[in-house]
Ligand SMILES: [Zn+2]
């Protein structure tokens, strides 16, 4: 039985840089509900529910290329990257073969949580999600003196995408 790693995993992904000329797309193979990508009030593009999503359901899988630590360090230096730490060694790069889950924005009070199960990253609903709501997950960036300022707008916002 896999356990949830909601409190222990760390996302190192962060996207900065220029606006994509094309609207990002979702891969229907990895999406379990009707979702769409649209401009987000939080950051660039976001992913939104188009139908009600019950609590505790798999919503989308975060997919991408599986890369090593050394490769992760290289790609982390790029101006735009979507890197998700899977475990102590592997990272998933959502910019290569990503399902679209890499466009899900950070919130300090998210409606999704990441569940790492048999090498897969599954985004599960933490509560009922209404149609039109933006999907969010807590990126939990590493503690760092150089904090990434958060603009999630949640009343529970800790002011930083990094864990404090
Ligand atoms: Zn916040």
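Derivation of every value follows stated rules applied to the coordinates shown; laboratory data play no part. As the structure is a prediction and not an experimental result, all values here were calculated from the model.
Quick notes on this one:
- Computed [θ] at 222 nm, deg cm²/dmol, the chain (DSSP H ≥ 4; -39,500 (n - 2.57); rounded to nearest 500): -1500 deg cm²/dmol
- The base-10 log of I(q)/I(0) for the stretch 87-139, evaluated at q = 0.25 Å⁻¹, reads -1.12 [Debye formula, identical scatterers on Cα atoms, solvent excluded].
- For the stretch 43-69 versus the stretch 76-132, the inter-centroid distance based on Cα atoms is 6 Å.
- Gain on full stretching of the segment that runs from residue 32 to residue 50 - 0.36 nm per residue minus C-alpha separation: 5.3 nm
- Intensity falloff of the chain expressed as log10 I(q)/I(0), Debye formula with alpha-carbon point scatterers, at q = 0.12, 0.16 Å⁻¹: -0.48, -0.90
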